Every structure is written in structure tokens, then in C-alpha cells.
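Reading through the C-alpha cells given below for one structure.
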Amino acid sequence: MQTSFAQQKEVHVKWVEEEIILDGALNETAWQSTDAATDFWQYFPTDTLLSTAQTEIKMLFDKKYLYVGIKVYSQGDDYVVPSLKRDFSARANDNISMMFDTYRDGNNAFMFGTNPEGVQREALISGGGAERKDFRSTWDVKWQNVSKKYKGYYIAEIKIPLASFKFRDQETRWRFTAYRFDTQSNEWSTWGNTPQNQSLMSLAFMGNMIFERPLDKVKTQFALIPYVSGNVSRDFDVGETSTDFSIGGDAKIPIGNSLNLDLTVNPDFSQVEVDELVVNLTRFEVFLPEKRQFFIDNADLFSDFGSLGAANPFFSRRIGIAEDLEENTIENSIIAGARLSGKINNNLRIGVLNIQTAEDAANEIPTNNNTVIAVQQKVFSRSNIGFVFVNRQVTSMSDFVEEAEEYNRVIGLDFNLRSEDNKWSGKYYLHKSFAPEAGDKDMSSGGFVEYNTRDWKFNLSSIYVGDDFQADLGYIRRNDIVTVDPTATRIFYPTGSKINTHVIEVRASSTWSPELDFKYTDGMVDLEYQIQFRNQTGIEMALNHRYTYLLEDFDPTGSDEGEPLPAFSEYTYSKFDFTYESDRRKAFSYTARTDLGQFFNGYRYSLTSDFRLRIQPYFTASFRSSVNYIDLPDPYPTETIWFVGPKFEFTFTKNLFWSTFIQFNSQDEDFSINSRLQWRFRPLSDLYVVYNDNYKTTPFAPGTRALIVKFTYWINI
């Protein structure tokens, strides 16, 4: 039976007086007298049977800590643990993860997980856990755990400070579930019996954890996180070598059990993992994820307004990252920032973000004050209504700043729909922007509704973005559009077969331009067929038919050779793609994809691959590559675009890591090396040594080179 939002599977959390020693043995008296959460259900390969290798979870608590003892049974001792690095990916290795919905709203949760080697992972879950974007593993807190392997099972003993959670005083009940990956039984399982048509981390399918006595107000600690950073860099274009030394840091100030004030002064993000380069064959900007720690906590409260990836009023990467006069991405220094976020009560969340950025006169970037105010009120069982206000204001009018660029503001309302059982979900929003000299087509609106059952899924979305709608701190894929996008999906579950599921999906999308008398500018029809095998290999095939009416000149190759396709020309073209993914549980696995067919008025042939190798648990390597051959008739360009991206990671211990990422993208004429050594000498305190090297490829010559040393220290006061 599925344990949905309204159902009552329970685990009791016992008050404990005795000291709990983390040794992976669970031999204290309190553990012996505590009932376990068990009866895990399969999620893969089926969701109608109990898991063959069960899991038992016991929980205790005192004034300061939540203790969790997990006994994880297995068919053998041949566990898959690719790496000793924190925040590992859960898929295709052995691990157990727990989700705690402390406000019982079905939308937000704290996740803590571990594996047979005791490696930690933690994350914030938002948006009901419906999509991968709702999982933010950049979030970090201090907690302790020990894992110990026995014959036929392993035990994980965990100690989490209650101050790591946000909850109301005198609370007696949280919502809880756990999910597990078991490579030897080839099973994914959940305590809450999540159906396969739903996300594995969906917060709609949880039970309850009942505390033996009400939770007291937790004495929270003020955290100060200073850093010292120094670097030496050389710009080969101008033949100059420079050195830089900076000091700054963050502070985390808890306000009660539910709110947190984050402060940052002169932040430095040099240690953040570099973005993966992509080949962009579209007319639109690439949407890249946020990886900087300061922006992660309660990030959904600020960034999930509007239509993500299409018309989003706040995209945190706009702050501290800018473009120079040649449209190259550069860092724009942040002077200081503050963020207050969290819960006022069980139903009301608030967020206030204010960041001041510095002027860069050489690149004509003014100093700006950036503000976001967000309010979210829960309605019904899991739905909410949100209000957002975004403001970018130039704080010093320099000579290069035009009056039309002085400020930009967006206000908006969103309604997010989620039913108790997640069968119905949706979003509806209305936003308006304000800017000097802006026209009256300054609105954006849209929404979607989805009906999701075991066998069928239907989705209908629509977006309007006015020609004058402007969101300087957001992501607007394109203006002057009305788009309608319906999708229908059918899932089949064969029995007695090597195939686990067949999925057939049909999607159609149509876009019109209101300013051109609703001229039909874009159309797409997709027919996809997916096969998921029980051994976790997969095949996907798709037929794609497109119509494009170009509104401006466009070179699909991104090259400087030949003529661009002219504005106000139209194209109808079709292609076929095929993808195969091997079993990721193997020491060597791979994904390969090919695209063949028409491309505008010519043809495109592409092959993309990702090879993965592990020598567990100390070494992993991946090799991503793609080649796109685009053949357009004269006088338009014909080009072969290459991308190569090998990545090597050594995890010498749970606290010492070395990764090297090499990338070559012929479209950007860029070759780069990023090598990063990280030593975590104390919990959440690190020493980084980072080497960056960038080359131009036509002709091949060094561009910039830098060596960075950064020291961060987490101090609890």
C-alpha cells in the first residue's frame, strides 16, 4: 500500500539519557529498546513488492542531537562505493538517504545520507522533490557518522545536531522517509512506498516520526567562516603578471529555530567547481546551475518563481558574474551581502536578499545594489502562493551608464499546485517589470498543469513574455512569445521480461510572436520511445520535427566563416536520435548518443559519449566528448565542432581530494585546465590549492594562467 501524504506509517523517536557512542555497533541499551522503521518497499524494478534485502532505521534524541541507527541488510559484501568524497551521487552505488520534513508541508525537507564506508552526503529538498533541480547538494552542515561492515549487512550510526534542522518549538511530529540503493539485489527501495511514476525523492510519500516528548528550543550556534586567499596570475595577451591577496568571510546567525541570517563580506568563489562547457547550437543563452554556497540555503524560495529556464525573474548567477566588453564571462566582485530566510510559522516562509556589487569601469559594469524579497504562504495540503520583488539599482551613475540602465524591477505572484498524492501538480504566475524608457508590453505570465498516474502522464504548459518584459537579475530565454506546449506519456510495465518499462511520449510545442501579428515562429513535434531494462541499461529513440522562422541573422555553427542564415527566413527540418546507457553499477560504464538528420537548410550528424571508470574507492574518471558535423549549402558555413572533457578525481581519504578537469570546445576556441586539491582538515574547514590554465586554440596560444591558494575555517561561537 502506498504511503501518501495523508497516510500514517510511523516510527517512534525515543528520548535518551545515556551517552551514545558512534561506533557502528548499536550496543547501547536505548538502541535495544527502540522500535525500527522497516518494511521498505521496492521502487525499482517494481513498486508492488517489499524489498528483498530489508533496512531497519531506529531513532533517538536528546536536548542537542538526533541519533539514527541504520542496519542495512545485503545479499553479500561486494558493495559499490566509487569515491570517498562527500556529497556523492546516490545512483549506481550502495547508500541510504533520509529525508526529514520538519514543518510537515510536503514541499521542503532536509536530506542526510551515507554509505558502507561512512561517506556523508546532505542536501536541501524543495519543490516537493518532484524534479532533479529540487535537490541541492551544495548545502553543508556539521554532523557525525560511523559505518561498520558485517557479514550480510552494514550499520550506519549517525549523530545530527538538532540545530541543523529548522522546526517549531514543542513540536512532536515530523514527516520522514528514506530511500536506498542496493547494487547487489539490483533494487532501489523506499520506506514510504513511492510509486515508480513519481520521483524517488518525492515528499508526497512519507510517514511520520513521533517524538516521545516535545522538542525544546535548541540552543543554536553562531558560525563565523573567515577565509584568506592569495593568487598569482598571468595574462599572456598583455604580458602582465599580477598577484592578489584577499580576506573575507561569511557568518551564519540563527534566529530562533526557524530563521537564519547569512552575511558575506568580500566573498571569494575561486574554489567552486568550474562549469562544464557545452556546445550551443541554439539561438539562446545556456542556463547553468548555481554552485556557490552562499546562494544555496533556501535557494528555491528566491529562484523558483516564473518558468525556470524560460522566464525566471531571479537567477542568482547574474550576481557576481558578468560579461566584459567582448562578451566573455568574468567575475564581478561582490562587496557584501545579507540574506534572511526561513519559516515564520508552519505555513509562511520569507526571504530577503541584498547584495552590493562593485564597479568595473574597464568593462563598463556599474556598481549595483541587488535586492530580492520573497514570501510564500502554504495553502491546502501542499500548495502555496508566492510573492516576489526583485530590484537592481545602480548606486553610482558613472559616465558609461545610460539612464535606461539605471534600474530594473520585477514584481510577481505565483501559485504552485501540489495535491496530497502528487497526482496533480502545476504552476500559474503573473509578473510585471519596471525599467526607465520601457514600453507597455512589460508583463510575463504562464503556467502548467500535470496529471500523473501509474500508466499515464499529461502535461499542458503555456508561457507569455512581453516584448518589453525585462529581468536583469533573471533568465529570460526570449521575449515577445506566446508558447503552448502539451505532452502525453504512456508507461507500460511488462511482467516476466528483461524489460522493466516501456515509455512512449508525444510532445508538441508552438510559439507565436504577438508583435508580428501573432506570426507562427517555432514549432516542434517529438515522438520518443524509451526502454528501461531490469539490469539498469536503457535505450531511447526519438523522431523530432521542427519549424523555425528566424527573426534575426543566425549562424548555427557559431563560426566566423560563411554567411549566417538570414533573418525572416523559414525552415522545416527533421532528425532522428538514439541513446544507449550501460549499467552504471559496473566499474566501466558509458552513455552514447547519435543525432542524424536535417538541420535548418542542411544536415547535422553528431555523436556524443560519456565514458566512466572507477577504481573504488580512490579513483574515478570520466571522458565526455562530442562531435557535431554541420553541413549547410553554400554560401552558408559547414563546420565540425568538437568538445572533449576528461575529468579525473582522486579521493585519497575522506578529507583529501584532488580533481582535474580538462575541457576543449572548438566552438568557443577554448582549451582549459582546472586542477583542484582540497584538504578538509576539520569539519567544513578547508585548504584549497587551485590551478587554472586557459588557452586560445586558433592559433594555439596561452591566454591566462593562475595559481590560487585559499584557506577557510568554520568557527562555532
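Rounded to a whole number, what % of the accessible area of segment 220-260 do carbon and sulfur atoms account for, probe 1.4 Å? Spell out each step's value before the answer.
Details: 1210 of 2140 Å².
In segment 220-260, the share of accessible area belonging to carbon and sulfur is 57 percent.
For THR653 and LYS133 in one chain, what is 0.36 nm times their gap in residues minus the Cα-Cα distance, to one decimal in nm?
Numbers: separation 520, 0.36 × 520 = 187.20 nm, distance 2.93 nm.
Full extension of this stretch gives 184.3 nm more.
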What do the square roots of 5 times the Cα gyration tensor eigenvalues come to for segment 220-367, in whole Å, largest first, as semi-axes of the equivalent ellipsoid?
30, 23, 13
With no solvent and one point per C-alpha, what does the Debye sum give as log10 I(q)/I(0) for segment 491-592 at q = 0.10, 0.23 Å⁻¹?
-0.49, -1.17
Determine the principal axes of the Cα atoms in segment 388-543, then give the extent along each, sorted from largest to smallest and rounded to whole angstroms.
72, 36, 27
Determine, at each q value in 0.30 (inverse angstroms), the log₁₀ of I(q)/I(0) that the Debye formula gives when each Cα of segment 452-514 is one equal point scatterer.
-1.18
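Take peptides 179-190, 597-608 and line them up by average Cβ neighbours within 10 Å, highest first, as a rough protection proxy. Intermediate results must be reported in sequence, preceding the final value.
Working: 179-190: 22.4, 597-608: 17.9.
Order by mean packing, descending: 179-190, 597-608.
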Would you mind checking which residues have amide H under 5 Å from THR521's amide H? H placed 1.01 Å from N; only 5 or more apart, or other chain.
THR511, TRP512, SER513
Candidate lysines - alpha carbon under 23 Å from LYS696, same-chain residues fewer than 8 apart omitted
LYS647
Can you list the residues, at least 5 places off or on another chain, whose amide H is less than 5 Å from the amide H of ARG584, using H built in the peptide plane?
none
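What is the projected area of the convex hull of the Cα atoms of segment 619-703, averaged over all directions, in nm²? Each step should come with its number before you reach the end.
Values: hull surface 29.1 nm².
The Cα convex hull of segment 619-703, projected and averaged over all directions, gives 7.3 nm².
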P(r) over all Cα-Cα pairs of segment 620-669, 5 Å bins from 0 to the longest distance, whole percent per bin, short to long, reads 5, 17, 19, 15, 12, 10, 7, 6, 4, 3, 2, 1
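At 1.4 Å probe radius, can you tell me the per residue accessible area of segment 227-358 in Å²? Write down the numbers at each step before the final one.
On the way: 5700 Å² over 132 residues.
Solvent-accessible surface per residue comes out at 43 Å².
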By the gyration tensor of its Cα atoms, with a ≥ b ≥ c the square roots of the eigenvalues, what is the shape of segment 142-198: rounded for a/c under 1.5, prolate for a/b over b/c, or oblate?
oblate
Separation of segment 578-594 and segment 80-99 by C-alpha centroid, Å?
19 Å
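I'd like the FRET efficiency for GLN377 and PHE284, computed as 1/(1 + (r/R0)^6) with the beta carbon distance as r and R0 of 41 Å, rounded to 0.05.
Numbers: r = 33 Å, r/R0 = 0.81.
That gives a FRET efficiency of 0.80.
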Just to check I understand the Karplus step: with θ = phi - 60° and J = 6.51 cos²θ - 1.76 cosθ + 1.60, what whole-Hz values come out for segment 54-62, glycine and proline as x?
7, 10, 10, 10, 10, 9, 10, 8, 9
The FRET efficiency for ASP583 and ASP634, from their Cβ-Cβ distance with R0 = 56 Å and rounded to 0.05, is 0.75
At a 1.4 Å probe, what is the % contribution of carbon and sulfur to the accessible area of segment 598-686?
62 percent
Loop-resident GluC sites (Glu not before Pro) in segment 264-303 with no more than 15 other Cβ atoms inside 10 Å, DSSP not H/G/I/E/B, are GLU273, GLU276, GLU285
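For the chain, rounded, prolate or oblate, judged on the Cα gyration tensor with a ≥ b ≥ c (square roots of eigenvalues), a/c < 1.5 rounded, else prolate if a/b > b/c?
Working: a/c = 1.43, a/b = 1.29, b/c = 1.11.
Taking the square roots of the gyration eigenvalues as a ≥ b ≥ c, the chain is rounded.
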Net lengthening on full extension, ALA488/GLU18 (0.36 nm per residue, minus Cα-Cα):
163.6 nm
Separation in nanometres of the label points that stand 7 Å from Cα toward Cβ, at ALA621 and ARG454:
4.6 nm
If the cut-off is 24 Å between C-alpha atoms, which lysines fall inside it for LYS441, apart from same-chain ones fewer than 8 positions away?
LYS427, LYS432, LYS519
Any residue on another chain or 5+ positions along whose placed amide H is under 5 Å from the amide H of PHE165 is listed here as none
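For MET111, MET443, give me the order by solvent-accessible area with a 1.4 Å probe, most accessible first, ignoring ligands, DNA and RNA. Please list the in-between numbers first.
Details: MET111 0, MET443 60 Å².
Order by accessible area, largest first: MET443, MET111.
Using just the helices of the chain, give the 222 nm mean residue ellipticity in deg cm²/dmol: DSSP H runs with n ≥ 4 each add -39,500 (n - 2.57), and the total is spread over all residues, rounded to 500. Write down the numbers at each step before the final one.
Values: 2 runs with 9 residues, N = 717.
Estimated from H runs of four or more residues: 0 deg cm²/dmol.
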With the cut-off at 1.5 for a/c, could you classify segment 363-454 from its C-alpha gyration tensor as rounded, prolate or oblate?
prolate
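Stretched out fully, how many nm does the piece from ARG213 to THR46 gain, at 0.36 nm a residue minus the Cα gap?
Working: separation 167, 0.36 × 167 = 60.12 nm, distance 3.76 nm.
So the extension gain works out to 56.4 nm.
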Label-reachable residues, segment 247-288, where backbone N falls under 19 Å from a point 7 Å from SER609's Cα toward its Cβ
279
3J(HN,Hα) from dihedral phi, segment 88-99, Karplus parametrisation 6.51/-1.76/1.60, rounded to Hz, x for glycine, proline
5, 6, 6, 5, 6, 8, 7, 6, 9, 10, 10, 10
May I ask you to list the lysines whose Cα is less than 27 Å away from that of LYS498, ignoring any residue fewer than eight positions away on the same chain?
LYS457, LYS586
Taking just the alpha-carbon atoms of segment 138-282, what radius of gyration and Dmax come out, in angstrom?
22.8, 68
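The values are calculated or read from the model by the stated rules, or taken from the named source; none is laboratory data. Remember, it's a predicted structure, so these values are computed and weren't measured experimentally. When we count neighbours, we look across all protein chains shown, and the Cβ atoms used for this are built from the backbone with ideal geometry, even at glycine. All accessible areas refer to the heavy atoms of the entire protein, side chains included, with ligands and DNA or RNA removed. Shrake-Rupley method; radii C 1.70, N 1.55, O 1.52, S 1.80 Å.
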